[in-house]
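What follows is one structure encoded as structure tokens, with my remarks underneath.
The values are calculated or read from the model by the stated rules, or taken from the named source; none is laboratory data. Just so you know, these numbers come straight off a predicted model, no measurement behind them. Don't worry about glycine lacking a Cβ; one is built from the backbone with ideal geometry, like all the others, and counts go over all protein chains shown.
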Amino acid sequence: MDLLSPEVQTEILKCVKCRTCLPSCPTFAELDVEMDSPRGRIALAKALSEGKISVTEKLIGHFYCCLDCRACETVCPSGVKYGEIIESARAYVEVHREHRKLERFLKDLFLRRIFPHPGRLEGLARLLRFYQRSGLQSLVRRFHLARILGGNLEELERMTPAISDRSSRSTLPPVIPPEDGIRYRVALLLGCMTDISFAHLNEATVRVLSRNGCEVLTVKEQTCCGALQVHNGDSPTAREMARHNLRVFEESGADYIIVNAAGCGAMLKEYGFLLGDDPDDRSRAQSFSSRVRDISEFLIDVVEAHGGLRGTLHPIPRRVAYHDACHLAHGQRVRKQPRKLLRAIPELELVEIKESDWCCGSAGIYNITNYEMSMRLLDRKMDHLAKTDAGIIAAANPGCMIQLELGVKKRGLPMKVLHPVELLDMSYRGQVPDR
């Protein structure tokens, strides 16, 4: 993650300034500013590493305006690993910038003291659950109390996902046996926000894996993947978390590590780069990453390819529009598998969206730190979704799901947002979603 390292410098020099990336960049499309394009940001990173420019608020603004969606990597003819450049540049500026006291406090609180520690995150979840269930949230929204504090706080409060009744870490046992004979031994990444806000998604994932001959390990010692820290320039904390996860997942003896959140999966597959400064860590991380699979990738490329999906899938006569999560389509190059999984469900009609792999504006915590741009991108996405006449939006990333649910509410659209594996689980169980 060192901007001055030979690996990152090699990636910077790969850029031939051909402009192929510009039409694929959401922020450039919205702003038409060269420094808010991949080519422009690479030029800034190069100048910064050569000492030709210094760290300023304007420079930081260009680096953090980036969604880190990796759409530019998909189209780049030179194969530039742009994600490595922008994340290294952010890590560099975080060391050399002057932080405002409140900003430093909030980053330290959430990125270092809460998210890396599941017990503390569960404590935060209990507070949010009380706020949402006690009537306080209804009171705040009814009288627009958040508006008093100014800024975008009222909009951000409405974006807060519902906290699950119980976290999946507390409900799922350490080992879930397969329903009918073991084919694979897999470990499930529980995640951070997925664990406390999408516990039902983790539970659905476990049921589908168990039905398909997997012994599922929940590895309770695991922690957050580190993606939020990496995207916000805190690579030292991310490295600590990665080393911890490497150890506990290695000790589990799992054949595969299964992930149902696109951003987390992309992060786990990049542990080799994150821990690249240490040859031993890098070798272990690369071995670990080779066993990481998105749930759709695992079910299609591994399970179906070696005997097929088990069990009876019941009809779901619904029209479903599939949104490509950036870190699945661009970060992991997984596009066909979620679609193939959805098409396996009888009577489900899958429809494509214009610009399906265009970022929805969620991008980790981008919709908090860059609210205005995030909403512009969400509006663009919802314009396309509204034309599909679909009743369900399928998205393979909880962050995207939160953002798209916000878009559905703002537009008043009769649409439901679900993860593809939730639909597969419903099909197995003979359930049909409302829309």
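A few remarks follow.
- Criterion (within 30 Å of Glu372 (Cβ to Cβ) and touching a residue at least 40 places away in the same chain (Cβ under 8 Å)) met by exactly one of Ile196, Ile176, Ile163, Ile114: Ile196
- Tally, over region 365-378, of residues that are surrounded by fewer than 18 Cβ atoms within 10 Å (Cβ to Cβ) and not in a helix (DSSP H, G or I): 1
- Summed over region 32-67, the residues that are surrounded by fewer than 20 Cβ atoms within 10 Å (Cβ to Cβ), among the hydrophobic types (A, V, I, L, M, F, W, C) and without any contact (Cβ under 8 Å) to a residue 40 or more places away in the chain give a count of 6.
- Listing of helices (runs of 4 or more DSSP H) fully contained in region 37-80 that carry 1 or more residues being polar (S, T, N, Q): 38-49, 71-75
- The residues of region 376-398 that are touching a residue at least 24 places away in the same chain (Cβ under 8 Å) and either aromatic (Phe, Trp, Tyr) or out of contact with any helix residue (DSSP H, G or I) (no Cβ under 6 Å at 6 or more places or on another chain) (or both), listed by number, are Asp379, Arg380, Lys381, His384, Leu385, Ala386, Lys387, Thr388, Asp389, Ala390, Gly391, Ile392.
- Here region 379-435 is the region considered, the condition is being under 21 Å from the mean Cα position of the chain (by Cα) and part of a loop (DSSP other than H, G, I, E, B), and the residue that is surrounded by the most Cβ atoms within 10 Å (Cβ to Cβ) is Ala396.
- The condition (being in a helix (DSSP H, G or I), within 23 Å of the chain's Cα centre (by Cα) and surrounded by 13 or more Cβ atoms within 10 Å (Cβ to Cβ)) is satisfied by just one residue among Arg141, Arg147, Arg158: Arg158.
- Candidates Thr223, Thr205, Thr194: the one that is surrounded by 15 or more Cβ atoms within 10 Å (Cβ to Cβ), in a loop (DSSP other than H, G, I, E, B) and modelled with pLDDT of 95 or more is Thr223.
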